[in-house]
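The values are calculated or read from the model by the stated rules, or taken from the named source; none is laboratory data. As the structure is a prediction and not an experimental result, all values here were calculated from the model. Glycine also receives a Cβ, built like all others from the backbone with ideal geometry; neighbour counts cover every protein chain displayed. Side chains included, ligands, DNA and RNA excluded: accessible areas come from the protein's heavy atoms. Shrake-Rupley method; radii C 1.70, N 1.55, O 1.52, S 1.80 Å.
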Amino acid sequence: QVQLVESGGGLVQAGGSLRLSCAASGSLFRMYAMGWFRQAPGKQREMVATITSGERTNYGASVKGRFTISRDNNKNTVDLQMNSLQPDDTAVYYCKQYRGGYVVPSDSDYWGQGTQVTVSA
């Protein structure tokens, strides 16, 4: 059983930055694709960014150019650097570990508990 623990959320003013981090348990972290998702009140969960085991990245259209996903396989962490934050970025942000090295969703993917990001106008 993999455990994912997110940190780094908080309250920030529009235009500011935050860096989220997700720490994963297990010794095979480097083999798995990882992702960041978010869910705002009343909205569906949406993909923010993903990174494969080979470090190929992909971003949601609304965050492209502002957010950067990265991973450190020595520390078993995946980070999300968020710049130029806007009120629409307010959401609970979740870390996800896929069951393989590519971004192929499955019902058995692992999720973190989420961290709140609030951007004030």
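The figures follow:
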{"read-out": "Subset of the range 31-59 (residues that are under 15 Å from residue 92 (Cβ atoms) and not aliphatic (A, V, I, L, M))", "value": "35, 36, 37, 38, 39, 41, 42, 43, 44, 45, 46"}
{"read-out": "Candidates 19, 71 - the one that is touching a residue at least 24 places away in the same chain (Cβ under 8 Å) and open to solvent by 30 Å² or more (accessible area, probe 1.4 Å)", "value": "19"}
{"read-out": "Positions within the range 22-60 being assigned to a strand (DSSP E or B), open to solvent by 40 Å² or more (accessible area, probe 1.4 Å) and of a type outside the set (S, T, N, Q), in sequence order", "value": "23, 46, 47, 59"}
{"read-out": "Cross-chain or 6+ apart pairs with Cβ under 8 Å, the range 52-68 first and more than 12 Å from residue 85 (Cα to Cα), then of a type in the set (Phe, Trp, Tyr)", "value": "52/102; 53/32; 53/102; 59/67"}
{"read-out": "Residue match in the range 105-119 (condition: more than 27 Å from residue 26 (Cα to Cα), outside any strand (DSSP E or B) and open to solvent by 40 Å² or more (accessible area, probe 1.4 Å))", "value": "no"}
{"read-out": "Selection status of residue 65, under 19 Å from residue 18 (Cβ atoms), out of contact with any Cys (no Cβ under 9 Å at 6 or more places or on another chain), open to solvent by 40 Å² or more (accessible area, probe 1.4 Å) and part of a loop (DSSP other than H, G, I, E, B)", "value": "yes"}
